[in-house]
1. I'm trying to understand the selection: among the residues of segment 130-163, which are of a type outside the set (V, I, T), free of Cβ contacts under 8 Å to residues at least 40 places away in the same chain, outside any loop (DSSP other than H, G, I, E, B) and on the phi < 0 side of the Ramachandran plot?
2. From (1) of a type in the set (S, T, N, Q); (2) outside any loop (DSSP other than H, G, I, E, B); (3) more than 29 Å from T133 (Cα to Cα), pick out the condition that doesn't hold for T65.
3. Might you let me know whether segment 426-444 holds any residue that is under 21 Å from L479 (Cα atoms), buried (at least 24 other Cβ atoms within 10 Å of the Cβ) and among the hydroxyl-bearing types (S, T, Y)?
4. Across segment 235-261, what is the total count of residues that are touching a strand residue (DSSP E or B) at 6+ places or on another chain (Cβ under 6 Å), within 24 Å of M214 (Cα to Cα) and crowded, with 24+ Cβ neighbours inside 10 Å?
5. From the list A300, A353, which residue is of a type in the set (A, V, I, L, M, F, W, C) and either crowded, with 20+ Cβ neighbours inside 10 Å or touching a residue at least 40 places away in the same chain (Cβ under 8 Å) (or both)?
6. Which ones in segment 329-365 are in a loop (DSSP other than H, G, I, E, B) and either in the same structural domain as E188 (by TED's automatic domain parsing) or of a type in the set (A, V, I, L, M) (or both)?
7. In segment 469-512, which residue that is assigned to a loop (DSSP other than H, G, I, E, B) and of a type in the set (K, R) is nearest to I393 (Cα to Cα)?
8. Suppose the filter is small (G, A, S), surrounded by 24 or more Cβ atoms within 10 Å (Cβ to Cβ) and on the phi < 0 side of the Ramachandran plot; does A305 pass it?
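The values are calculated or read from the model by the stated rules, or taken from the named source; none is laboratory data. Since this is a predicted model, take the numbers as computed values, not measurements. Here the Cβ positions follow ideal geometry from the backbone for every residue, glycine too, while neighbour counts run over all protein chains shown.
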Amino acid sequence: MRPLPELTPWTEWFWTSGADGTLRIQGCADCGTLVHPPVPACPVCRSRSSAPTAVSGRATVVGFTVNQHQWHPDLPAPYVIAVVALAEDPGVRLTTNIVGCDPGDVRVGLEAQVRFEHVEDVWLPVFELTGATTTPEPDVTPKLSAPRAPLGDERFEHRAVLSGVGRSALGRRLMVDPLSLTVDACLEAVADAGLELSDIDGLSTYPGPAGMGMSEGGVTAVEEALRLHPTWINGGGDIPGPGGALIAAMLAISSGLCRHVLCFRTVWESTFATLGLRPAGGARASGAQQWRSPFGALSAANWIAMNANQYLHRYGATREMLGIIAVNGRTNAGRNPAAIYREPMTMDDYLSARPITSPFGLYDCDVPCDGSIAVVVSDASVAGDLPGTAVRIEAVGTQILERVSWDQGTITHEPQVLGQAAHLWTRTDLRPADVDVALVYDGFTFNAVSWLEALGFCPIGEAQDWLDGGRRIALDGELPVNPHGGQLSEGRTHGFGFVYEAVKQLRHEADGRQVADAATAVVTTGGGTPSGVLLLQRDQA
């Protein structure tokens, strides 16, 4: 049976609304604003009064993907996942399935009508194409307010430096205890900073003790292994993406809580899968997943692919644009002895790869792996005493300006990218032209495109031409991108790999992949959920 949502007193009305064939959305009792998913207060007038409100059930496809991968045993591929914008308010959207047609017939801009599939005690709203096209198409352009300007001239970022980095073995199915990988990386990072374990007075990680091979057990596990006695710890997922672990450490240092914070991130996804382990959890979906899982949107690959198809439709780009990102990463990985996939890749290889969820094929997706990376964030006063060149933090971008949602806000790009990128440039006098190397998160090829445009390296919607067939982002190009191969070829170390590479590049320790005279690097980690951006510089002292 397909995953079903957990029925609660707060959501049961939505999941049972279809019993009479009517789609209902939360409506504000005072101003009439429609809101989805349901929340306790109207986001427009802040009223606490709302009621289920009947709508026509007509909608427009604004994002879709033909899923070809079987994520769930009871959901055989192919099937179409879509984001549809309601006729009453195109800002209100549902993730759903398009049914009753050949998957290849689905396009952005087509009109659809709701119908309901009754499964146990749930009426799932799915949609059928009407044969019409919505004219004009709904306006899905992101509408962001201006980022907040700094409150003063002081920057907490300037009170810290990146003093050391370390990395464990990196590979597929290493069958090694993930905590052991973490200890390897942490010990190397502390030594790289010229410190002893007794110097460490803070621990920070992301996302804490998560399942699915995404953590070694968090701060508590590392503290038990190393017995560091920190004065401050951070192990939450609600921070500005993986790089948020470093940003939190900078804040702890600038406040005087710590002098040296050990930040770490460990994944062991490939071993987790090989051992046949399963994430903990109930039989039904709850929280944010309840709005996606019942429709087979079980992976970030699905969620981001829908936005990628909206982008391709809106701006006239082709899959070759995504292929340039993948081929560039593989070319660079060939110069990186630590990369998991180093074999050359051509555009033909990319285009002919096994489809996963349109427009993504196998090489659009990052590589699940085992490995750990650690970074020491230290008080800036130690910069001149380090055994290696210090890396200074010029600015960070953290502000949330978009809906924290995969389907309700930004759909032309990966969400939680545009806002943080805009915020970065309010905290520095540097500009995109000053960046020597870009380490941009590439969980999927489209993520990297989203970051490049959001950061202002090229105008919105113009990445395909700007990439110049890959020449502009090559190692010897105007803006080298992911010279280590990125997560698409080196392996998915969940953002920390980009920080590690940035430090190596700015220290001029990247050997055969070194960007000439690299002095300034931008590093992005995450997207989709709150993310963060770091602008780093080689210490010139």
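1. Answer for segment 130-163, where residues must be of a type outside the set (V, I, T), free of Cβ contacts under 8 Å to residues at least 40 places away in the same chain, outside any loop (DSSP other than H, G, I, E, B) and on the phi < 0 side of the Ramachandran plot: just A132.
2. (3)
3. Scanning segment 426-444 turns up at least one residue that is under 21 Å from L479 (Cα atoms), buried (at least 24 other Cβ atoms within 10 Å of the Cβ) and among the hydroxyl-bearing types (S, T, Y).
4. Final tally of qualifying residues: 12.
5. Among A300, A353, only A300 is of a type in the set (A, V, I, L, M, F, W, C) and either crowded, with 20+ Cβ neighbours inside 10 Å or touching a residue at least 40 places away in the same chain (Cβ under 8 Å) (or both).
6. Within segment 329-365, A338, A339, I340, M345, A353 qualify.
7. R492
8. Against the criterion (small (G, A, S), surrounded by 24 or more Cβ atoms within 10 Å (Cβ to Cβ) and on the phi < 0 side of the Ramachandran plot), A305 qualifies.
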